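What follows is a set of notes on a single structure, which appears directly below.
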Amino acid sequence: MLEDIEVLEMLQPKIQSVLSKTSFQERNDLEQELKLKVLSKLPDINKVNIPNFFELLDKEIIPK
């Protein structure tokens, strides 16, 4: 499960890319809104049980 800070750090390059396409006056507000939206969706994302690579291999290649 990822921590909030880790997720925001991973997404920072993309956030900066989006902000560069926005007017200077709107950047701070947009950055805050984007971060809030990401943080609000984290609980939903963390609930999803996504198998890691080896779990996926076990399920797909080696039938039990």
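The values are calculated or read from the model by the stated rules, or taken from the named source; none is laboratory data. Fair warning: this is a prediction, and the values are worked out from it, not measured in the lab. Positions of Cβ are generated from backbone atoms using ideal geometry, with glycine treated the same way; all protein chains shown enter the neighbour counts. With ligands, DNA and RNA removed, areas are computed over all heavy atoms of the protein, side chains included. Shrake-Rupley method; radii C 1.70, N 1.55, O 1.52, S 1.80 Å.
So here's what we get for this one:
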{"quantity": "Interatomic Cα distance distribution for the chain, bins of 10 angstrom, percent", "calculated": "18, 35, 23, 15, 7, 2"}
{"quantity": "Most positive-pole-ward Cα, SER23, PRO13, PRO43, against dipole of the chain from beta carbon charges", "calculated": "SER23"}
{"quantity": "Contour excess over end-to-end distance, with Cα ends at LYS59 and LYS37 and 0.36 nm allotted per residue", "calculated": "4.5 nm"}
{"quantity": "DSSP H segments from the chain that extend 15 Å or more along their own axis, Cα-based, with Kyte-Doolittle mean of -0.5 or above", "calculated": "4-20"}
{"quantity": "Å² of accessible area per residue within the chain, as computed with a 1.4 Å probe and no ligands counted", "calculated": "90 Å²"}
{"quantity": "Protein accessible area in the chain, 1.4 Å probe - carbon and sulfur %", "calculated": "60 percent"}
{"quantity": "The chain, helix-only ellipticity at 222 nm - DSSP H runs n ≥ 4, -39,500 (n - 2.57), divided by all residues, nearest 500", "calculated": "-23500 deg cm²/dmol"}
